[in-house]
Structures are given as structure tokens and as C-alpha cells.
Amino acid sequence: MDIKPVTLQGQSVRLEPLELTRHWPGLLAIGLDPDLWRWTSSKVGSEADLRRYLERAVAEQASGVSLPFVTVLAESGEVVGCTRFGNIVREHKRAEIGWTWVARTHQRTIVNTEAKYLMLRHAFEVWGLMRVELKTSATNLRSQNAMRRLGLTPEGTFRKWMFNEDGTPRDTMWFSVIDDEWPAMKARLEALLREPAPK
């Protein structure tokens, strides 16, 4: 299981390994929208907050437990979001996909669906993982609905599982997909990606 920066290329989006110097202007241009952080445990309200958030992702990559990506449009190269593999545990063949945010102009489009598809395909078919997990705030119904739409299995709610950065406790809802389920989920996602874009 070779955890190293890699570009994941799709039809509509490309996931590029996060490089702060190169990607900072594009991420800054979209990353201070308060709506992006409304349901997250991280509270980003300033340029300094965003810089700290991204620097933490880079530091986690250096320690081998995280692999952050910048989501860009395949045709134009426009930066439209950020996502990450995190909590990578090699000995148990599992990882988490999360820390995902997409510019409001590209929410509810193919962007997130294809990004998840590319990451899951890499996790199961390149790394050979046994389990991929995702989690979200128990109050974030939009995120939960998106996970169900992708075909992830809800596993329940961990009550008061963590503190948000602002000190408030958060109930966290868990979802997952395991290796046995990946072939069916892959087919489901590929079908979703073939659907015509809404007008």
C-alpha cells in the first residue's frame, strides 16, 4: 500500500495533490465562503484560518496518515474544491474520505460524485483497502443525503463523539463501503456519471 501523492484524472474533474504554493490563490478565492464551513468541525473565517487548515493537511501527509487533493475542473483547471484521504491505517486496510468542500457554484453537480468515484476506485483498486469510511455532523442532512445517493451504508451516530473547533460538542454520523460492496457501488457511480447534467 503505497501512500504517495498521485493525480486522479476523471472526465470532468481532476484531483491534484495539494501544493500550497501552486494552489493557494485558487483555494483562497473560494475557501472563505461561510457556507462551506457551516457544518464542519473546522471553523474557517479568515485567510489565516484557511492557511492553517491547509498547512495541517500538508503536515498530515508528511506523517503518512493523510493525502489531500485539490479538486479542479478537467478542462479549464479552475480550482473548485478540496478533499482528502485521512486516518489511513495500513495494517487494517482502511482509510477515511472527508474534509471535502466544493465551491457553491459547483455544488450539486457532477464534481463531488466524480471526485468520490476517483478516490474510491483508487482506494479499492490501487491500494487494496478493505474499508473506506466517511462521516459527517448528525445535523448535516445535505451531506447525509449525498452519501446515501452515492450508495454508502449508514452505520449509526456516535453521540458527542468530538468537539468542534469552537468548543461545541458534535454528534457524528458514520457511513462506509467495504471491498465486497465496491463492484456494485462502482457500477452505480458510473451510471450516475453517465446521467445528463441538469439544466
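Taking the Cα centre of the chain as reference, the dipole from Cβ charges on Lys and Arg (+1) and Asp and Glu (-1) amounts to some 400 debye. For the chain, the relative contact order is 19 percent, taking Cα pairs closer than 8 Å that sit 6 or more residues apart in sequence and dividing their mean separation by the residue count. Taking Gly167, Gly26, Gly81 in turn, the Gaussian network model of the chain (Cα-Cα springs below 10 Å) assigns the largest fluctuation to Gly167. Taking the Cα centre of region 1-103 as origin and assigning +1 to Lys and Arg Cβ atoms and -1 to Asp and Glu Cβ atoms, the resulting dipole is close to 300 debye. The Cβ shell under 12 Å around Gly151 holds other residues with a net charge of +3, Lys and Arg each +1, Asp and Glu each -1.
Taking Ser76, Ser66, Ser137 as the candidate residues, the one with maximal mean-square fluctuation in a Gaussian network model of the chain, Cα springs under 10 Å, is Ser76. Global dimensions of region 1-44 from alpha-carbon coordinates: Rg and Dmax equal 13.5, 37 Å.
Tell me the per residue accessible area of region 114-166 using a 1.4 Å probe; a whole number in Å² is fine. It would help to have the intermediate numbers written out before the result.
Details: 2770 Å² over 53 residues.
Spelled out: the 1.4 Å probe surface of region 114-166, per residue, equals 52 Å².
Exceedance of the 27 Å cut-off in Cα-Cα distance is limited, within the set Lys43/Lys93; Lys43/Lys186; Lys4/Lys160; Lys93/Lys186, to Lys43/Lys93; Lys43/Lys186; Lys4/Lys160. Each stretch of four or more DSSP H residues adds -39500 (n - 2.57); spread over every residue of the chain, this sum gives -10000 deg cm²/dmol at 222 nm. Using only side-chain charges placed at the Cβ, +1 for Lys and Arg and -1 for Asp and Glu, the dipole size of region 119-184 relative to its Cα centre rounds to 260 debye. For the chain, the carbon plus sulfur part of the accessible surface works out to 52%, probe radius 1.4 Å. Only bridges with both residues in the chain count here: give the DSSP antiparallel percent, nearest 5. The answer is about 90 percent antiparallel. Packing here is the average count of other Cβ atoms within 10 Å per residue, and on that basis the peptides 176-184, 98-106, 110-118, highest first, run 110-118, 98-106, 176-184. For region 3-95, the solvent-accessible area with a 1.4 angstrom probe is 48 square angstrom per residue. Find out how many positive minus negative residues lie around Asn140, taking Lys and Arg as positive, Asp and Glu as negative, among other residues whose Cβ is under 11 Å from that of Asn140. Around Asn140, the charge tally is +3. Taking the Cα-to-Cβ direction at Arg148 and at Asp179 and moving 7 Å from each Cα, how far apart do the two end points lie in nm? Going by the 7 Å Cα→Cβ label model, 3.0 nm.
Overall size of the chain from C-alpha positions, given as principal axis extents largest first: 42, 42, 38 Å.
Projected onto the charge dipole of region 1-89 (+1 at Lys/Arg Cβ, -1 at Asp/Glu Cβ, origin at the Cα centre), which of Pro17, Tyr53, Val6 gives the Cα projection farthest towards the positive end? Looking along the dipole axis, the top candidate is Tyr53. Going toward the positive end of the dipole of region 91-199, with +1 on Lys and Arg Cβ and -1 on Asp and Glu Cβ, which of Ser143, Gln107, Phe163 do you reach last? So the residue we want is Gln107.
The values are calculated or read from the model by the stated rules, or taken from the named source; none is laboratory data. No experiment lies behind these values; they were computed from the predicted model shown. Don't worry about glycine lacking a Cβ; one is built from the backbone with ideal geometry, like all the others, and counts go over all protein chains shown. These area figures cover heavy atoms from the full protein model, side chains too; ligands, DNA and RNA do not enter into them. Shrake-Rupley method; radii C 1.70, N 1.55, O 1.52, S 1.80 Å.
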